[in-house]
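> A single structure is presented below for examination.
The values are calculated or read from the model by the stated rules, or taken from the named source; none is laboratory data. None of the values given here were measured: they were computed from a predicted structure. Positions of Cβ are generated from backbone atoms using ideal geometry, with glycine treated the same way; all protein chains shown enter the neighbour counts.
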Amino acid sequence: MPTPILSIVGRSKVGKTTLLEILIPALKQRGLRIATIKHHAHPGFEIDQPGKDTWRHAQAGSDCVVLSAPDKIATIRRLQREQTLDEIAANISDVDLILTEGYKRAGKPTLEVVRQEKGLELLSSSGQLLAVASDVPLSLNVPVFPLDDAAGMAEFILQHFFPDKDLKS
C-alpha cells in the first residue's frame, strides 16, 4: 500500500513552511515517521555548493551525484522531465506519512493555509481539501484550525490517515 501523502498548500508567503515546522514535531511525537517533499516551481535550483567535490562531479557531467555519510545521504539527479509527485513518493521508504509543501494540483488531500492578509479564497478543490489552518475563523465544510494548533492538526491527520493505528498521543 502506498505511503499516504498530505499536501500543505496556500498562497505564496502565507506560512506553509512555518506550519510544517510545527506540524512535523507534533506528528513525530505521536510516533509517525515523516518525509517531506518541497515543490519548487522553477527550474535551476542548486543545493550543492560551488567548489565542493559533489558540485565538481556535477559540473563535470555526472547525471546522478550521491553524497553519503554515516548519518544521512543526498542524491542530486538531472532529469529529462519533471517527475510527478507519485514518482517521487515511490522512491521514499521507511516512513508513515509524506507531507508536501506545494503540489496543489497533484490531486492529493490538502491542508490549506489561509491568512486574511493574503486573501480568503481557497486554492484547493472541494474534493481535495481535508482541513484549513487560518488566522481567522472560517465557515467551511472541513475543520478549520488556528495556525498554531499543531496538536489539533496532528490528531486530525492521525484520525484521517491512520484510524486503526495505535500511535502515541
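> Given the criteria among the hydrophobic types (A, V, I, L, M, F, W, C), surrounded by 11 or more Cβ atoms within 10 Å (Cβ to Cβ) and part of a loop (DSSP other than H, G, I, E, B), does LEU67 qualify?
It is false that LEU67 is among the hydrophobic types (A, V, I, L, M, F, W, C), surrounded by 11 or more Cβ atoms within 10 Å (Cβ to Cβ) and part of a loop (DSSP other than H, G, I, E, B).
> Moving to a separate point now. For segment 14-37: of the residues being small (Gly, Ala, Ser) and surrounded by 15 or more Cβ atoms within 10 Å (Cβ to Cβ), which is nearest to SER93 (Cα to Cα)?
Residues of segment 14-37 that are small (Gly, Ala, Ser), as a first pass: 15, 26, 31, 35.
Retained after the next criterion (residues that are surrounded by 15 or more Cβ atoms within 10 Å (Cβ to Cβ)): 15, 26, 35.
On the way: GLY15: 27, ALA26: 21, ALA35: 9 Å.
Step by step, filter segment 14-37, then rank; the result is ALA35.
> In addition: Within segment 70-82, which residues are more than 21 Å from LEU20 (Cβ to Cβ) and part of a loop (DSSP other than H, G, I, E, B)?
Those that are more than 21 Å from LEU20 (Cβ to Cβ) and part of a loop (DSSP other than H, G, I, E, B): PRO70, ASP71, ARG78, LEU79, GLN80, ARG81, GLU82.
> I'd like to know if segment 20-35 contains one or more residues that are modelled with pLDDT of 95 or more, among the small types (Gly, Ala, Ser) and more than 13 Å from the chain's Cα centre (by Cα).
Within segment 20-35, one or more residues are modelled with pLDDT of 95 or more, among the small types (Gly, Ala, Ser) and more than 13 Å from the chain's Cα centre (by Cα).
> Take ASP53 and decide whether it is surrounded by fewer than 12 Cβ atoms within 10 Å (Cβ to Cβ), over 27 Å from VAL144 (Cβ atoms) and in contact (Cβ under 8 Å) with a residue 60 or more places away in the chain.
No: the conditions fail for ASP53.
> Separate question: Given the options ALA35, ALA41, name the one that is closer than 30 Å to ILE157 by Cα, part of a strand (DSSP E or B) and not β-branched (Val, Ile, Thr).
That would be ALA35, the only listed residue that is closer than 30 Å to ILE157 by Cα, part of a strand (DSSP E or B) and not β-branched (Val, Ile, Thr).
> Another one. Where in segment 96-169 are there strands (runs of 3 or more DSSP E), lying wholly inside it, with at least 1 residues that are closer than 26 Å to HIS40 by Cβ?
Fully inside segment 96-169 and qualifying: 97-101, 110-114, 129-134.
> Right, here's the next one. Any residue that is touching a residue at least 24 places away in the same chain (Cβ under 8 Å), among the aromatic types (Phe, Trp, Tyr) and surrounded by 17 or more Cβ atoms within 10 Å (Cβ to Cβ) - is there at least one of those in segment 100-114?
yes
> Shifting gears a bit: Residue under question is ALA151, and the condition is that it be touching a residue at least 60 places away in the same chain (Cβ under 8 Å), surrounded by fewer than 13 Cβ atoms within 10 Å (Cβ to Cβ) and at negative phi; does it hold?
Criteria not met by ALA151.
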